[in-house]
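Notes for the one structure printed next.
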Amino acid sequence: MDTIFISELRIKTLIGIYEWEQQVPQTIQLDLEVGLPGEHASKSGRIGDTIDYGKIVGRIEQLFKEQHFSLLEKAGAAIAEVIMREFKAPWVKISIAKLAPLKNVKRLGVTIERGEKQ
């Protein structure tokens, strides 16, 4: 399976269950791997035969403007659903993390994997 990846996408958003997290924006970092539907682009060289990663980034940014998530798990699942539904990706793996959320912790997060990797 051919995949595209997006590394260290950073978004400033309100996320969390604590009162202060719902008032103070935090920076989250996303790393994504997205399975491509077939190998057409590697043969044709045409953008229309692949998933446009710029559009994925734009759609993820839009998602965080439209919705507030209380958990990283919920945000990751929503991103996976959007990528698979709107971009027809057969498989997606998303790591989403809060940066420096706790003393002595550089980042913490969750990895969500959906679909079937062929």
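Taking the numbered list (1) more than 24 Å from E116 (Cα to Cα); (2) in contact (Cβ under 8 Å) with a residue 40 or more places away in the chain; (3) surrounded by 15 or more Cβ atoms within 10 Å (Cβ to Cβ) in turn, Q22 passes all entries but (3). Screening D2 on (1) in contact with a Leu (Cβ under 7 Å, 6 or more places away or on another chain); (2) modelled with pLDDT of 95 or more shows it passes everything except condition (2). For segment 71-93, the count of residues that are closer than 14 Å to E8 by Cα and either surrounded by fewer than 13 Cβ atoms within 10 Å (Cβ to Cβ) or modelled with pLDDT of 95 or more (or both) is at least one. Counting only helices (runs of 4 or more DSSP H) that sit wholly inside segment 37-104, those with at least 1 residues that are under 18 Å from the mean Cα position of the chain (by Cα) and not basic (K, R) are 53-66, 72-87. Checked against (1) closer than 24 Å to K12 by Cβ; (2) more than 15 Å from the chain's Cα centre (by Cα), Q118 meets all criteria but (1).
The values are calculated or read from the model by the stated rules, or taken from the named source; none is laboratory data. Only a predicted model underlies this, so the values are computations on that prediction, with no experimental measurement involved. Virtual Cβ from ideal backbone geometry, glycine too; neighbours counted across all protein chains shown.
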